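Please read the structure below before turning to the comments.
The values are calculated or read from the model by the stated rules, or taken from the named source; none is laboratory data. Only a predicted model underlies this, so the values are computations on that prediction, with no experimental measurement involved. Glycine gets a Cβ as well: all are built from the backbone with ideal geometry, and neighbour counts include every protein chain shown.
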C-alpha cells in the first residue's frame, strides 16, 4: 500500500493515511492508523510504500512495515469512506485542504 505520514494537529501524534495499491494518484485513502512512535528520527519517510502485517482473523489490527521495520500503531486501523461527508471533513481538517466544490 502507498502511505502518507502526517501529524494530527490536535495531539501531534503521527499517523499514516493508507491508499489502495494500483488506485492511482487520485484515489482517496482507505484507512488510517495512528502510530505509537513520536520521535521524528524514528519515523519512516513522509511518503512511501508499506506492507500490512495482520493477525489471522483480525482485519482492523495491522502493523505497517516500512523498509523491513515495523511502525507499531497505538490502536486499530480506522477504515475511511471518502463518500461519508463526516469522514471527508475530518480528512480535510487533518491534511489542511478544502475540496474544490466547497470553495
message: If I ask for residues that are part of a strand (DSSP E or B), farther than 15 Å from residue 17 by Cβ and under 13 Å from the mean Cα position of the chain (by Cα), which ones from the range 58-89 would you list?
response: 63, 65
message: Tell me whether the range 3-15 contains one or more residues that are under 22 Å from residue 90 (Cβ atoms), in contact (Cβ under 8 Å) with a residue 12 or more places away in the chain, under 13 Å from the mean Cα position of the chain (by Cα) and loosely packed, with under 12 Cβ neighbours inside 10 Å.
response: no
- prompt: How many of the residues in the range 17-57 are within 13 Å of the chain's Cα centre (by Cα), crowded, with 16+ Cβ neighbours inside 10 Å and not in a strand (DSSP E or B)?
  reply: 4
- prompt: Hey, does the range 52-64 have a residue that's in contact with a helix residue (DSSP H, G or I) (Cβ under 8 Å, 6 or more places away or on another chain) and modelled with pLDDT of 85 or more?
  reply: no
